[in-house]
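Colleague: This is the structure I want to talk about, given as structure tokens.
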Amino acid sequence: MTGRVPAIILGGTGYVAGELLRLTLGHPRLELAAIASDSQPGEPVARAFPHLAPVCGDLRYVSIEKAIETVARFPRSGVLAAAPHGVSHTLIDGLLSRASAAGAKPSVVDISADFRYADLTEYERVYKHPHGAPGRAKEFTCAVPEHLDRAPTPHVAHPGCFCTATLLAAVPLLALDLVEPPIFVSAVTGSTGAGRSPIPGTHHPQRHSDLYAYNALTHRHAAEISALARAASGKDGRFAFVPHSGPFARGIHATVQAVLKKPLDTPAAIEALRGFYTGKPFVRVLAEPPRVKDVVASNYARLSAAADGRTIVVMSVVDNLVKGAAGGAMQWMNRQLGFDETDGLLAPAPGWT
């Protein structure tokens with residue numbers, strides 16, 4: 001290894017893992033030490049991600065066991081976990097136990113839901129299974145990076161993509177005491193949000209040129225949104241969340257509405273958002289409604305607002321795979337390792353996706 005910090009990616013074949021790989025290979029202060037997949041050990045990584053072949057070279061997947069051995073070998077490393085919900089907790093618990101026994105101190109950022117909940121009873125209610133590593137939960141903090149300057153724990157859980165888009169819009173409304181609950185959310189996501197394994201909702205003939213709601217008012221991210229909004233603002237938002245599937249591959253557009261506590265016009269609403277996100281390099285507050293194309297494949301979020309004296313609406317767009325997952329996780333990893341939080345993340349959106 002060079003003077004860079006070794007990085008290990010777990011769960012290495014999905015869309016989010018591909019973005020973690022892309023960001024890690026282009027990072028100025030990380031060096032990929034291993035990317036793990038128990039389903040494809042020994043297989044070329046470029047076979048799963050042909051668009052990354054020019055930078056992958058002959059890189060091959062290793063087993064989870066080999067990845068854990070790699071983590072234990074380095075005194076300091078960054079572990080980016082993209083394993084599925086319900087798998088990540090026991091995987092990370094075993095990795096951290098082995099690392100501790102070897103005197104290693106990795107920093108872990110988990111992208112699954114397994115360490116997002118401070119209340120494990122709520123986790124078990126939402127995900128319908130017991131938590132596999134309850135003793136580890138206190139070692140993780142979950143927050144959108146813009147809502148917590150520094151994690152008080154050695155490891156971090158990144159919020160979900162719907163949660164990220166929604167919280168960026170809603171937390172300022174609560175923290176600045178601008179609105180009365182409930183808060184109404186309508187959010188549209190691209191097909192990559194459903195993961196890489198084909199399902200009816202991602203089948204092109206069904207998804208193309210279509211738009212539909214699903215799990216209205218019952219989506220499992222609603223509980224996560226409420227808990228993280230409360231943690232970030234100190235106020236109970238009572239969210240009514242309606243997700244939608246959109247006819248595009250990447251990105252989320254969230255529309256957040258609530259009743260104002262006191263009259264406010266559109267310029268004042270936009271100014272309030274700009275003030276709240278001052279000094280946050282990845283959040284742009286615009287005078288015009290934001291567009292998904294302007295953030296796709298980037299770690300940037302764009303917001304705007306409108307208010308008519310009684311109601312306020314905040315519109316938020318993010319890339320679900322980057323700002324809502326791999327990029328936000330890398331932002332946290334940069335902080336955990338003492339880097340500038342923007343390292344490896346400043347590339348703008350391509351625009352014509």
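The values are calculated or read from the model by the stated rules, or taken from the named source; none is laboratory data. Since the structure is predicted, the reported quantities are computational estimates derived from the model, not experimental observations. Note: ideal-geometry Cβ built from the backbone for every residue, glycine included; neighbour counts use all protein chains shown. What goes into the accessible areas is simple: the full protein's heavy atoms, side chains included, and nothing from ligands, DNA or RNA. Shrake-Rupley method; radii C 1.70, N 1.55, O 1.52, S 1.80 Å.
Colleague: Among the candidates Gly18, Gly26, Gly14, which residue alone is modelled with pLDDT of 95 or more and open to solvent by less than 30 Å² (accessible area, probe 1.4 Å)?
Modeller: That would be Gly18, the only listed residue that is modelled with pLDDT of 95 or more and open to solvent by less than 30 Å² (accessible area, probe 1.4 Å).
Colleague: Which residues, counting only those in region 115-134, are under 24 Å from Ser97 (Cα atoms) and in contact (Cβ under 8 Å) with a residue 24 or more places away in the chain?
Modeller: Scanning region 115-134 gives Phe115, Arg116, Tyr117, Ala118, Asp119, His129, His131, Gly132, Ala133.
Colleague: Another question, then. Is region 131-143 home to any residue that is aromatic (Phe, Trp, Tyr), closer than 30 Å to Ala268 by Cβ and open to solvent by 10 Å² or more (accessible area, probe 1.4 Å)?
Modeller: Taking region 131-143 first, the residues aromatic (Phe, Trp, Tyr) are 140.
Pick out the ones that are also closer than 30 Å to Ala268 by Cβ and you get none.
No: zero hits.
Colleague: Could you give me the residue pairs with C-beta distances under 9 Å whose first residue belongs to region 342-353 and is β-branched (Val, Ile, Thr), whose second residue is surrounded by fewer than 18 Cβ atoms within 10 Å (Cβ to Cβ) and modelled with pLDDT of 95 or more wherever it lies, and which are 6+ apart or on separate chains?
Modeller: Within 9 Å, the pairs are Thr342/Pro281; Thr353/Lys293.
Colleague: Got a sec? Which of Ser245, Ser197 is touching a helix residue (DSSP H, G or I) at 6+ places or on another chain (Cβ under 8 Å), within 28 Å of Gly12 (Cβ to Cβ) and small (Gly, Ala, Ser)? Give the steps one after another, and end with the answer.
Modeller: Numbers: Ser197 fails: touching a helix residue (DSSP H, G or I) at 6+ places or on another chain (Cβ under 8 Å).
Going through Ser245, Ser197 in turn, just one is touching a helix residue (DSSP H, G or I) at 6+ places or on another chain (Cβ under 8 Å), within 28 Å of Gly12 (Cβ to Cβ) and small (Gly, Ala, Ser): Ser245.
Colleague: In region 27-50, which residues are in a strand (DSSP E or B) and either in contact (Cβ under 8 Å) with a residue 24 or more places away in the chain or among the charged types (D, E, K, R) (or both)? Steps first, answer last, please.
Modeller: Residues of region 27-50 in a strand (DSSP E or B): 30-36, 44.
Listed by number, the residues that qualify are Leu30, Glu31, Leu32, Ala33, Ala34, Ile35, Ala36.
Colleague: For Val62, indicate whether it is touching a strand residue (DSSP E or B) at 6+ places or on another chain (Cβ under 7 Å), crowded, with 16+ Cβ neighbours inside 10 Å and within 24 Å of Gln331 (Cα to Cα). Full working, then the answer.
Modeller: On the way: touching a strand residue (DSSP E or B) at 6+ places or on another chain (Cβ under 7 Å): yes; crowded, with 16+ Cβ neighbours inside 10 Å: yes; within 24 Å of Gln331 (Cα to Cα): no.
Answer is no for this residue.
Colleague: Could you pull out the residue among Ser97, Ser112, Ser107 that is open to solvent by less than 50 Å² (accessible area, probe 1.4 Å), more than 30 Å from Lys235 (Cβ to Cβ) and among the polar types (S, T, N, Q)? Break it down stepwise before answering.
Modeller: Details: Ser97 fails: open to solvent by less than 50 Å² (accessible area, probe 1.4 Å); Ser112 fails: more than 30 Å from Lys235 (Cβ to Cβ).
Answer to the check: Ser107.
Colleague: Same structure, new question: Which numbered condition in (1) open to solvent by 20 Å² or more (accessible area, probe 1.4 Å); (2) assigned to a helix (DSSP H, G or I); (3) under 30 Å from Leu260 (Cβ atoms) is the only one that Asp177 fails?
Modeller: Every condition holds for Asp177 apart from (2).
Colleague: Quick check on region 160-168. Is at least one of its residues open to solvent by 20 Å² or more (accessible area, probe 1.4 Å), modelled with pLDDT under 95 and part of a helix (DSSP H, G or I)? It would help to see each step written out before you state the result.
Modeller: Narrowing region 160-168 to residues open to solvent by 20 Å² or more (accessible area, probe 1.4 Å): 161.
Filter again for modelled with pLDDT under 95, leaving none.
For region 160-168, residues open to solvent by 20 Å² or more (accessible area, probe 1.4 Å), modelled with pLDDT under 95 and part of a helix (DSSP H, G or I): absent.
Colleague: So which residues in region 293-311 are crowded, with 24+ Cβ neighbours inside 10 Å and farther than 28 Å from Leu30 by Cβ?
Modeller: The answer is Leu303, Ala305.
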